[in-house]
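The values are calculated or read from the model by the stated rules, or taken from the named source; none is laboratory data. The structure displayed is predicted, hence computed values, not measured ones. All Cβ positions, even for glycine, are placed from backbone atoms using ideal geometry, and neighbour counts span all protein chains on display. Note: accessible area is taken over every heavy atom of the protein model, side chains too, but ligands, DNA and RNA are not part of it. Shrake-Rupley method; radii C 1.70, N 1.55, O 1.52, S 1.80 Å.
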Amino acid sequence: MAKAKISKKLQQAIDSLVIHDVYLKSTQAECEDDFDPKSADSLEVLSVQQMHVVRKSEVIQVDGDGQLVRIYIRLGARWVSQQEEGDEPSIQALIEGEFIAEYLVTNPLEQAAIDEYALKNASYHVWPYWREFLSSQCERLRLPRVVLPTVQFSKQPDPRAD
């Protein structure tokens, strides 16, 4: 299997950003009023849909002359009842969270390099926190356990890679 080529901008970002922190910014978890997650009848007709969105990045000036890059990533899972083809799914339960991955900047970077890093690398740092959070929220809400793989991102080469 051929290894995907990393662009110059992405390599610059990898070399210039050091993980500093990963934390939860906001969350939402709920079951619909008429949904009983402990009822076997309710669970038989459900499927799980997932969400993963790299929402934005920002560069923050810190005391002195240092900089931080913050990357905002939204993740979610929702349990939907099966509908007739073409109908909108009926959401019975959901768990969502927005995480921030924070990086120390060791060398100046162009925004394009930060953006590529945000889209291609930052989720690897957030994913373990999301897996743990989703698992614990499923238990608290008595929803069926969702076991996420260690990593779930495609490794397709970027056609724009240098």
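Can you find a residue that is at pLDDT 95 or above and in contact with a His (Cβ under 6 Å, 6 or more places away or on another chain) anywhere in segment 61-83?
For segment 61-83, residues at pLDDT 95 or above and in contact with a His (Cβ under 6 Å, 6 or more places away or on another chain): present.
Tell me, yes or no, whether segment 78-88 has at least one residue that is under 20 Å from C138 (Cα atoms) and without any contact (Cβ under 8 Å) to a residue 24 or more places away in the chain.
No - not one qualifying residue is present in segment 78-88.
Looking at segment 78-133 only, could you name the residues that are of a type in the set (S, T, N, Q), closer than 26 Å to S7 by Cα and open to solvent by 60 Å² or more (accessible area, probe 1.4 Å)?
Passing the criteria: T106, N107, Q111.
Does Y23 meet the test of being among the aromatic types (F, W, Y), open to solvent by 40 Å² or more (accessible area, probe 1.4 Å) and either touching a Lys or Arg at 6+ places or on another chain (Cβ under 6 Å) or at pLDDT 95 or above (or both)?
yes
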